[in-house]
Amino acid sequence: MRRTVVIALVVALAASLVGAALMPRVPRLGAQVTGDADLARLARTAVPDPTGHRGLAVALVENGRIRTAGLGDRDADGQPVEAGTAFEIGSVTKVLTGMLLADQVAAGVVHPDDRLGATWPALTGPARDVTLAELASHRAGLPRLAPGSVLGWARILWSNVSGGNPYAEQDTDTIRNAADRVSPDADERGESTTPTSGRPCSATPSPPGRASRTPICCRRGCSSRSA
């Protein structure tokens, strides 16, 4: 009995040490500065507590003049933030998706009640029946993530442990395959889902008439494809 307790304690201690070693660290704004030094100093005074900030990019438009500055670093190698550094803007892209849909509705190209399948014919699963309005407003009843494999679940779990991006490496085919596999939840359809859910919005298709049928992307890390 004593030996069992000792083994259990050792295993628990080892697991705790491994978890402590792998857990993500809280970022802290470094001393690196690029661009306009005066603007960088002004920006730094606006952030009295550097904890939680890894890197910042600032732009000031004044009297027709544009000044830019970068503070901190952008990667594990300590490369400084610069004017052209790309940032993950996360759920901010959901607003852009809604604006693009509103523009297409105003132009008479689509209607909010149009079915997804009519706009994205490649879909064959039950998700093709949801409307564009339900997708853009997160009322489609679709899951936040639909990995579809053990490897997919493992990747999600690892991203939670490491502070990574669970939506990384998802392209048009990934979204379409996931949408074909899942069915809208009847109990949640028509109700607002969690504000951090990215799947419904990421399935909102590009406005008709575009050369590409790539879905409008509103997941974390997809800012370059959102406009």
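The values are calculated or read from the model by the stated rules, or taken from the named source; none is laboratory data. Only a predicted model underlies this, so the values are computations on that prediction, with no experimental measurement involved. Ideal geometry is used to build each Cβ from the backbone, glycine not excepted, and the neighbour counts take in all protein chains shown. Side chains are part of the model used for accessible areas, which takes the heavy atoms of the whole protein and leaves out ligands, DNA and RNA. Shrake-Rupley method; radii C 1.70, N 1.55, O 1.52, S 1.80 Å.
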Checklist entry - What is the packing order of peptides 36-49, 107-120, 135-148, taking the mean over residues of other C-beta atoms within 10 Å and listing the highest first? => result 135-148, 107-120, 36-49
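Let's test the formula: R0 of 25 Å, r as the Cβ-Cβ distance of residue 99 and residue 173. What FRET efficiency results, to the nearest 0.05? Can you show the working numbers first?
Details: r = 26 Å, r/R0 = 1.03.
Once rounded, the FRET efficiency stands at 0.45.
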Checklist entry - Any idea how far the Cα center of the range 96-163 sits from the one of the range 27-84, in Å? => result 34 Å
Item to check | Extension gain from residue 88 to residue 63, taking 0.36 nm per residue of separation minus the Cα-Cα distance | outcome: 6.1 nm
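Taking R0 as 22 Å, what FRET efficiency do you get between residue 159 and residue 188 from their Cβ-Cβ distance, rounded to the nearest 0.05? Could the numbers behind the result be given before it?
Working: r = 24 Å, r/R0 = 1.07.
Calculated value: 0.40.
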Checklist entry - Based on the alpha-carbon gyration tensor of the range 64-148 and its eigenvalue square roots a ≥ b ≥ c, which shape applies: rounded if a/c is under 1.5, prolate if not and a/b is larger than b/c, or oblate? => result oblate
Checklist entry - Once amide H atoms are built 1.01 Å from N in the peptide plane, which residues 5 or more positions from residue 89, or in another chain, come under 5 Å H to H? => result 221, 222, 223
Next on the checklist: Taking the full set of protein chains and a 1.4 angstrom probe, give the accessible area of residue 159 in square angstrom, rounded to the nearest 10.
Outcome noted: 10 Å²
